Amino acid sequence: MDLALKAVVVPVLRERGFSGLYPYLRRLHTTYVELLTFQFDVNGGGFAIEISRCGIGGITTNGGRHIPAAEVKPWDLDANDRLQIKAREGSGTDSWFRYESGEYDSVANDVLAKLPLAPLLLGRPST
């Protein structure tokens, strides 16, 4: 699945201004950074895409640790400040993009169809 995501999805994200090393990508804006991470099911066979935003200066965790924007991952933010792009509505990993069928390119194309939702989910235009 990694190869298909790197071949099909990551180039599109790069065209849209994302940088970083897969599976952790980010896009810099003047006042915030968009964060995008592929989160794989620990049991295998599925993944979701976690998206969030942080200020250009990074974040300070509840424990007082500062994380620069270049190192922030979506899970560093509170659960209310991050969202998932999934294959379908629902909770749990059953709603994630599933690739047990081995049709990796098809799943990667399903991801491309869902990517336009990211800015809408976060409530800000993607510019």
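Can you spot a residue in the stretch 3-15 that is surrounded by fewer than 17 Cβ atoms within 10 Å (Cβ to Cβ) and assigned to a loop (DSSP other than H, G, I, E, B)? Looking through the stretch 3-15, none of the residues is surrounded by fewer than 17 Cβ atoms within 10 Å (Cβ to Cβ) and assigned to a loop (DSSP other than H, G, I, E, B). When 30, 60, 93 are checked against the criterion of being in contact (Cβ under 8 Å) with a residue 40 or more places away in the chain and of a type outside the set (A, V, I, L, M, F, W, C), 93 stands alone in meeting it.
Note on the stretch 19-38: residues that are open to solvent by 20 Å² or more (accessible area, probe 1.4 Å) and not β-branched (Val, Ile, Thr) total 11. Note on the stretch 68-77: among residues that are touching a residue at least 12 places away in the same chain (Cβ under 8 Å) and over 14 Å from the mean Cα position of the chain (by Cα), the one that is least open to solvent (accessible area, probe 1.4 Å) is 69. Within this structure, residue 15 fails the test of being out of contact with any His (no Cβ under 6 Å at 6 or more places or on another chain) and in contact (Cβ under 8 Å) with a residue 60 or more places away in the chain. Applying the condition of being part of a helix (DSSP H, G or I) and charged (D, E, K, R) to the stretch 49-105 and asking which residue is modelled with the highest pLDDT yields 105.
The values are calculated or read from the model by the stated rules, or taken from the named source; none is laboratory data. A quick note: this is a predicted structure, and the numbers were derived from the prediction, not measured. Every residue, glycine among them, receives a Cβ derived from its backbone with ideal geometry; neighbour counts consider all protein chains shown. Heavy atoms of the whole protein, side chains included, go into the accessibility calculation; ligands, DNA and RNA do not. Shrake-Rupley method; radii C 1.70, N 1.55, O 1.52, S 1.80 Å.
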